[in-house]
Amino acid sequence: MELPPLARRWMHALISTAYIPLSHAEIERTLLDALRELPESPETVANRLVSLHATGPDSLRVTIEELSPAFGLPVLARLSSAYAHAMRLDAFDQQEQIKVAIVRAKQRVERTLKVSQARFREVFASSALGIVITGFDGRCVEANDTLAEIVGLEAGTELAGRELIEFFHPEDAAALGVSYQRVREGRADRFRDQRTLIRVDGEPVWVLLAVSLLRDADGEPAHFVTMVEDISELHLLQRSLDHQLLHDSLTGLSNRQHFMTQVERRRDTDQITLYHLGLDAFSVVNNGLGHDTGDKLLKIVASRLGNLAGEKRAVLARIGGDEFALMTTSDNVTATIEEIQGALTEPTFVDDHGIALSVSIGVVDRPPAFATAGELMRCANAALRQAKARGKRQWALHDPHDDARRRGRYALAASMPGAWEHGELEIVYAPAHDLENRAVLGAVARLHWDDLSHNDTMALADSTGLSLPLGRWLLREACGQAARWVAEFGDRAPTLHVALGALQSRDEDLVADVKRALDETGLPPERLRIALDISSVLAGDDNAVVLHDNGIVVALDGFRGGHDELAVLAEVPVRSVIARAPAPGPDSPLRQAMRDLVATVHSFGVRFGVDEVHTLEDAGHWREAGADAVIGLLPALTAAEVTELLATAASPPPAAS
């Protein structure tokens, strides 16, 4: 994330919570410097915020909200802690000034009597901090009303003679006694500490203490001065922020960061099993009944899973919109999955709607000790995707070997944009042959990359959203090359065939893209054949009709012979269909069925072509089955190789000697 925009948003958020006596430009520059220092020194950034006077009640909260997308939980946790510490030090500095004034006032009282005494009394009585003067025996000599209120007594209650230590939590008494003794013996000028007071009604109060010596007129130690600030609200706010950083706001369950921390801790000591749960068809609830109903249902799901997690002493978290994670010590996976499904299957009435849910589950069972929490979560997510691919209410166990293959495919897909930009993707041309006379019907433009076939390359492009721009590039470049062949070789130039992927076949701008490619390259429309993915036509797309109306011959790619596909042939003006299937050998029980299918296609006046036919034997089987053409019988060639082949065929034979 770029830092200047983040610094600007942070600045606008902060100035809405506190008055900062600087110009907006100065604040923004200061915050930009702080962002650069934050990963390495959150403590320095916290001190800088306090020095800017960004100390409003909501300053820390908006800081966490603005920075959380860019910085991790550990950095923000350190920043929160350091900010609270800096706030305490700032308060202590102010307290120190008040204490100095008190001490000086006390001395002036002894010297100047009534005037100085009146000033001291005013500061002592009106201070927002609890102030108490105690003897070296720990008994109160004098205390203000603020301290009485902090410990739960009414204003004016006399504290003189009572031991101050009796108001502190018993666990703090010994440590406080040691600190007071260090100050008395001169080993420390003062001490500051955060401790817990116990009110007279038994409720705890979190306070900050500032303790130093009160000296007499001769400079000799006479008493302790203890200043007490009630920081209960700040303490609760910090706890609330800590909770928000680690828990889901809707369900109250642990969030992903907290869950991963617990996985990291448990995997070192226990054999664990990780379950990644995805609610089936939860979008149906959100879209059909509304997001409020969906939120209520999520809370119910969290409650039921929470009860199950409690029984199994498991760790449960909500890690996404409709996804949960469960970690148990290794158990019977099948039994646990049945318990999870059973907990969610029972219909639940939400806003008068009876709703029942199931989950798809990805499981990582007894992972190796060296696997990190992040890697385990990734493996569980991969297993969940496998489960969802099988349907609803399914589960899948993580398979390291299958996962490695899939990761390799994802890595290829992720690297494809860079490979395209660096020219690693090339266009090759495969000949299409007429099975009747073996004539070449045209050149089929295909993508070639990293030993992948055209169909595999387009499938990878579809998975990353690259197929549309890549398909437009293929169409434009292939049309340009075909136009050059027409200009150089005339009627001997091959007709261009371009097979489009599923996304490009459904693209609303496809017809405009085709017309633009023809106009820019000068290729005559009759020299182009477009093969649309048949799924686009089945979905009701009219690109095939519009292309036909613009003089483009259209074929349907991916034909399988289903009833719906055959029905399309009577409605859509296509020249041919292209199938991919094993060749029907003489002994195959499908031979007659394939012959009947080809005959049925012919009855619509449509030709039947077959892609990925690589042997003469297979081509012969398809010819006997009635097919008209095949693609792939000869290796695909680069544009330069096709040009050379056309030029060679046009050259006259050498004269006889």
Practice item. Test Ala396 against the criterion of being surrounded by fewer than 19 Cβ atoms within 10 Å (Cβ to Cβ) and under 30 Å from Ser453 (Cα atoms), and give yes or no. Key: no
Check your understanding: Can you name the number of the only condition in (1) among the polar types (S, T, N, Q); (2) closer than 21 Å to Met260 by Cβ; (3) in contact (Cβ under 8 Å) with a residue 60 or more places away in the chain; (4) surrounded by 13 or more Cβ atoms within 10 Å (Cβ to Cβ) that Ser330 fails?
Key -> (4)
Practice item. For residues that are out of contact with any strand residue (DSSP E or B) (no Cβ under 6 Å at 6 or more places or on another chain) and among the β-branched types (Val, Ile, Thr), tally how many sit in the stretch 498-546. Key: 6
Study note, to complete from the structure: Across (1) more than 48 Å from the chain's Cα centre (by Cα); (2) crowded, with 19+ Cβ neighbours inside 10 Å; (3) in a loop (DSSP other than H, G, I, E, B), Pro589 clears everything bar (2)
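Can you tell me which of Ala369, Ala432, Ala383 is closer than 26 Å to Arg265 by Cβ and either modelled with pLDDT of 90 or more or aromatic (Phe, Trp, Tyr) (or both)? So that I can check it myself, show each step before the final result.
Working: Ala369 fails: either modelled with pLDDT of 90 or more or aromatic (Phe, Trp, Tyr) (or both); Ala432 fails: closer than 26 Å to Arg265 by Cβ.
So the residue among Ala369, Ala432, Ala383 that is closer than 26 Å to Arg265 by Cβ and either modelled with pLDDT of 90 or more or aromatic (Phe, Trp, Tyr) (or both) is Ala383.
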Revision key, fill the gap. Asp172 passes all but one of the listed conditions (1) under 24 Å from Ala222 (Cα atoms); (2) assigned to a helix (DSSP H, G or I); the exception is number (1)
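Looking only at the stretch 277-309, which residues are over 12 Å from Asp322 (Cβ atoms) and touching an Asp or Glu at 6+ places or on another chain (Cβ under 9 Å)? First the steps, then the outcome.
Step one: filter the stretch 277-309 for residues over 12 Å from Asp322 (Cβ atoms), giving 287-290, 292-293, 296, 299-300, 303-309.
If the condition is that a residue be over 12 Å from Asp322 (Cβ atoms) and touching an Asp or Glu at 6+ places or on another chain (Cβ under 9 Å), then Leu289, Gly290, Asp292, Thr293, Lys296, Arg304, Leu308 are the ones that fit.
Working only within the stretch 337-363, note down all residues that are out of contact with any helix residue (DSSP H, G or I) (no Cβ under 7 Å at 6 or more places or on another chain) and not hydrophobic (A, V, I, L, M, F, W, C).
Filtering the stretch 337-363 for residues out of contact with any helix residue (DSSP H, G or I) (no Cβ under 7 Å at 6 or more places or on another chain) gives 337-338, 341-342, 345-347, 349, 352, 354.
Glu338, Gln341, Gly342, Thr345, Glu346, Pro347, Asp352, Gly354, listed by residue number.
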Review point. How many residues are farther than 17 Å from Leu532 by Cβ and in contact with a strand residue (DSSP E or B) (Cβ under 6 Å, 6 or more places away or on another chain) if we restrict to the stretch 454-476?
Key: 1
Check your understanding: When you go through Ile231, Ile198 one by one, which is the residue that is touching a Phe, Trp or Tyr at 6+ places or on another chain (Cβ under 7 Å), under 28 Å from Ala84 (Cα atoms), among the aliphatic types (A, V, I, L, M) and surrounded by fewer than 18 Cβ atoms within 10 Å (Cβ to Cβ)?
Key -> Ile198
Check your understanding: When the residues of the stretch 148-169 are filtered to those that are part of a helix (DSSP H, G or I) and among the acidic types (Asp, Glu), which remaining residue is nearest to Gly135 (Cα to Cα)?
Key -> Glu166
**Study point:** Test result for Ala396, touching a Lys or Arg at 6+ places or on another chain (Cβ under 8 Å) and not basic (Lys, Arg)
**Key:** yes
Check your understanding: Which one of the conditions (1) buried (at least 18 other Cβ atoms within 10 Å of the Cβ); (2) out of contact with any Ser or Thr (no Cβ under 6 Å at 6 or more places or on another chain); (3) of a type outside the set (Ser, Thr, Tyr) does Ala387 fail to meet, given that it meets all the rest?
Key -> (2)
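For the stretch 523-548, which residues satisfy the criterion of being closer than 20 Å to Arg580 by Cα and assigned to a helix (DSSP H, G or I)?
Ile534, Ser535, Ser536, Val537, Leu538
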Review point. Of everything in the stretch 549-568 that's within 44 Å of the chain's Cα centre (by Cα) and assigned to a helix (DSSP H, G or I), which residue is surrounded by the fewest Cβ atoms within 10 Å (Cβ to Cβ)?
Key: His563
Practice item. Specify which of the listed residues (Leu214, Leu208, Leu153) is farther than 30 Å from Leu236 by Cα, modelled with pLDDT of 80 or more and either in contact with a helix residue (DSSP H, G or I) (Cβ under 6 Å, 6 or more places away or on another chain) or surrounded by 15 or more Cβ atoms within 10 Å (Cβ to Cβ) (or both). Key: Leu214
Review point. For the stretch 558-570, does any single residue satisfy the condition of being touching a Leu at 6+ places or on another chain (Cβ under 7 Å), modelled with pLDDT of 90 or more and under 27 Å from His448 (Cβ atoms)?
Key: no
Check your understanding: Name the pairs: first residue in the stretch 376-392 and closer than 20 Å to Thr328 by Cβ, second residue part of a helix (DSSP H, G or I), Cβ to Cβ under 7 Å, at least 6 apart or on different chains?
Key -> Leu376/Val263; Met377/Met260; Cys379/Asp403; Ala382/Asp403; Ala382/Arg406
Review point. Is the stretch 72-88 home to any residue that is modelled with pLDDT of 80 or more, aromatic (Phe, Trp, Tyr) and farther than 16 Å from Gln257 by Cα?
Key: yes
Review point. If you take the residues of the stretch 361-375 that are touching a His at 6+ places or on another chain (Cβ under 9 Å) and of a type outside the set (Val, Ile, Thr), which of them is surrounded by the fewest Cβ atoms within 10 Å (Cβ to Cβ)?
Key: Asp365
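The values are calculated or read from the model by the stated rules, or taken from the named source; none is laboratory data. Since this is a predicted model, take the numbers as computed values, not measurements. Positions of Cβ are backbone-derived with ideal geometry, glycine not excepted, and every protein chain shown enters the neighbour counts.
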